[in-house]
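The values are calculated or read from the model by the stated rules, or taken from the named source; none is laboratory data. Computed from a prediction, not measured in an experiment: that's the story for all the values here. For neighbour counting, all protein chains shown are included, and Cβ atoms are generated from backbone atoms with ideal geometry for every residue, glycine included. For accessibility, only protein heavy atoms count, side chains too; no ligands or nucleic acids. Shrake-Rupley method; radii C 1.70, N 1.55, O 1.52, S 1.80 Å.
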Amino acid sequence: MAINVSLSVNGQAVSRDVQPNRLLVDFLREELGLTGTHVGCDTSQCGACTIHLDGLPVKSCTMLVVQADGARITTIEGLAPDGDGGDLHPMQEAFRQNHGLQCGFCTPGMVMAGIGIAQRHGLPSNDVIRAELDGNFCRCTGYHNIVKSIAAGAKAMAMTGAKTVAETGGE
Amino acid sequence: MDIPARLPDPRKREKKMYRFEYHKATSLEDAASKRSTADDATYLAGGMTLIPTLKQRLASHSDLIDLAGIDGLAGISVDGAVVTIGAMTCHAEVAASAALRDAIPALADLAGLIADPAVRNRGTIGGSLANSDPAADYPAAVLGLGATIVTDKREIAADDYFLDLFETALEEGEIITAIKFPVPKRAAYEKFPNPASRYAIVGVFVAETEGGVRVAVTGAGPCAFRVSDMEAALAGNFAPDAVAGITVSADDLNQDLHASAAYRASLVTTMAKRAVAKAAG
């Protein structure tokens, strides 16, 4: 039986009828067209599907939409809401500046996880960043530039007081 | 940002999971009643094991009853010599709790070793204990500290709780509401993680409690178990050397592609030594 869910996605109110066995990642990608959130392993190992749920990084391939009823969700698309030509989120900009990606498949999850690391640890050491990236896999870069990017992004976030859409409510 | 209209064929991946009905319980009574009237229902806590299991079609249920909306099931409180952790408290919250870190740092450390940060934001202590995965971390702490499992019906001592592979003393429909941990004099957890999954190949929790020394092992057997020979040795001499010569039999231990039973038996001694060294610190 379909269930009505109402949630905030990147600051926009969304209300839909969904099947109980609908995964959050599929809902975001297929119903809302937010294909920046990727499906990698689909077994909650790789972190390509990482989004923010009420401000905390979670794996959207391992969550039902119905569990997110009433929640505030931020996806990679919500970090720089103005799109092309607009300012990137400091963490996105740090990935760009530090060449923190090659093929880019894991990048949305890396950026969302990176913001979570910065929010939890402030200015994390490289060791902390590496430990905190346990649940995000990259098969191209060898992680070195990802760690550099997150360190730089955390620094930029601390300087600018950057907030995600989840924290500001899309204001 | 415009959200486009429904795209074609969103049903394809929906077929991964068998269909089920979903209910959000408003109270413990509501949850138990919804479960008893459904055909083959199960409870949903954080879902970090249940949802992957459903996705792989290793399980199917007629109904999922979500416990996330029930008030009062999450949170950590320290009251003198007892720490109470609500069943729906997520691992990240346990790892980050300053009050818990003061009272039982080994337990906060253990929570920070479970899975990865994103999973720790969803997975719950009650869900982990109800599932009783043989390689989960919490069972070692619950048994090692001699905790009490509080349910909607009764209190269960840790020593009576873990029965076998994915089998606990919980009765059909019984709901864990909290876990009460006595504060030990000293304790530590050492884990040899599977490098891919971070589950424990072997984890050993050692505690010196009011009731004596306890040594609890996860990952090695069908469920968490104590090692009485090590406990007796540590009671006389709380030092790594005391357990260095004590081994558990490999006969009933787990064996898989990650580690043989004999290797797991060897790891029990090694992790016990490290845990004692850390606790004695």
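Things to note:
- Within-10-Å neighbourhood charge of A:Asn4 [Cβ basis; K, R +1; D, E -1]: -1
- Pair-distance distribution of chain A: all C-alpha pairs, bin width 10 Å, starting at 0; shares per bin in whole percent are 11, 41, 35, 12, 1.
- For A:Lys155, solvent-accessible area (1.4 Å; no DNA, RNA or ligand), Å²: 120 Å²
- Cut-off under 5 Å, modelled amide H: who pairs with A:Val9 long-range: A:Val14, A:Ile73
- Phi-based couplings in Hz for the stretch B:16-26 (Karplus 6.51, -1.76, 1.60; Gly and Pro marked x): 4, 9, 4, 6, 8, 8, 10, 10, 9, 6, 9
- Under the Karplus curve 6.51 cos²θ - 1.76 cosθ + 1.60, θ = phi - 60°, whole-Hz ³J(HN,Hα) for the stretch B:117-130, x wherever Gly or Pro sits: x, 5, 5, 5, 6, 10, x, 10, 5, x, x, 4, 6, 5
- Summarising the amide proton neighbourhood of B:Val83: residues at separation of 5 or more, or on other chains, whose placed amide H is nearer than 5 Å comprise B:Phe181, B:Val183.
- Förster radius 25 Å - calculated FRET efficiency between A:Asp54 and A:Arg96, Cβ distance, rounded to 0.05: 0.35
- For the stretch A:3-77, the convex hull spanned by the alpha carbon atoms encloses 74 Å³ per residue.
- Mean separation of Cα pairs under 8 Å and 6 or more residues apart, divided by the residue count, gives chain B a relative contact order of 14 percent.
- With the largest listed first and rounded to whole Å, the semi-axes of the equivalent ellipsoid of the stretch B:39-116 from the Cα gyration tensor are 29, 15, 8.
- Greater than 19 Å apart at Cα, pairs in B:Lys180/B:Lys273; B:Lys24/B:Lys180; B:Lys185/B:Lys278: B:Lys180/B:Lys273; B:Lys24/B:Lys180
- Average 1/r across all pairs of distinct alpha carbons in the stretch B:18-59, invert it, and you get the Kirkwood radius: 11.3 Å.
- Within chain B, the selection of entire DSSP H helices by a Cα span of 27 Å or greater along the long axis and an average Kyte-Doolittle value of at least -1.0 returns B:261-280.
- FRET efficiency, B:Ala262 to A:Asp87 (Cβ-Cβ, R0 45 Å, nearest 0.05): 0.15
- Using the Karplus relation 6.51 cos²θ - 1.76 cosθ + 1.60 with θ = phi - 60°, the per-residue 3J(HN,Hα) values for the stretch B:70-87 come to 7, 5, x, 9, 10, x, 10, 9, 10, 10, x, 9, 10, 9, 10, 10, x, 4 Hz, with x marking Gly and Pro.
- Cα-centred dipole magnitude for chain A, charges only on beta-carbon of K, R (+1) and D, E (-1), debye, nearest 20: 440 debye
- Distance between the 7 Å Cα→Cβ label points at B:Glu171 and A:Asp127: 5.0 nm.
- Near the amide H of B:Thr168, within less than 5 Å, lie the amide hydrogens of B:Leu163, all on another chain or at least 5 residues away, with H placed in the peptide plane.
- Max mean-square fluctuation residue, GNM over chain B, Cα-Cα springs under 10 Å, options B:Tyr161, B:Tyr263, B:Tyr138: B:Tyr263
- For the stretch A:78-152: rounded, prolate or oblate by the Cα gyration tensor [a/c cutoff 1.5]: oblate
- Of B:Glu167, B:Glu210, B:Glu190, the one that fluctuates the most in a GNM where chain B has Cα springs shorter than 10 Å: B:Glu210
- The stretch B:76-280 shape via C-alpha gyration tensor axes, a/c threshold 1.5: rounded
- Whether the stretch B:165-264 is rounded, prolate or oblate, judged on the alpha carbon gyration tensor where a/c under 1.5 counts as rounded: oblate
- Shielding by partners, peptide A:16-23 (average Cβ within 10 angstrom, other chains): 6
- At 1.002 mPa s and 20 °C, Stokes D of the protein assembly as shown from Kirkwood alpha-carbon radius, µm² per second: 93 µm²/s
- Over chain A, relative contact order from alpha-carbon pairs under 8 Å, at least 6 apart, %: 26 percent
- Accessible area of B:Arg101 in the full protein assembly, 1.4 Å probe (Å², nearest 10): 100 Å²
- A Förster radius of 35 Å combined with the Cβ-Cβ distance from B:Thr26 to B:Ala98 puts the calculated FRET efficiency at roughly 0.65.
- Positive-end extreme of charge dipole, the protein assembly as shown - chosen from B:Leu100, B:Ser62, A:Gly78 (charges on Cβ): A:Gly78
- Report summary: the helix-based calculation at 222 nm, which adds -39500 (n - 2.57) for every DSSP H run with n ≥ 4 and divides by the residues of chain A, gives -9000 deg cm²/dmol.
- Considering only the Cα atoms of the stretch B:133-201, their convex hull presents on average a projected area of 5.3 nm².
- Mean sequence separation of contacting Cα pairs (under 8 Å, at least six apart), scaled by the length of the stretch B:22-122, corresponds to a relative contact order of 24 percent.
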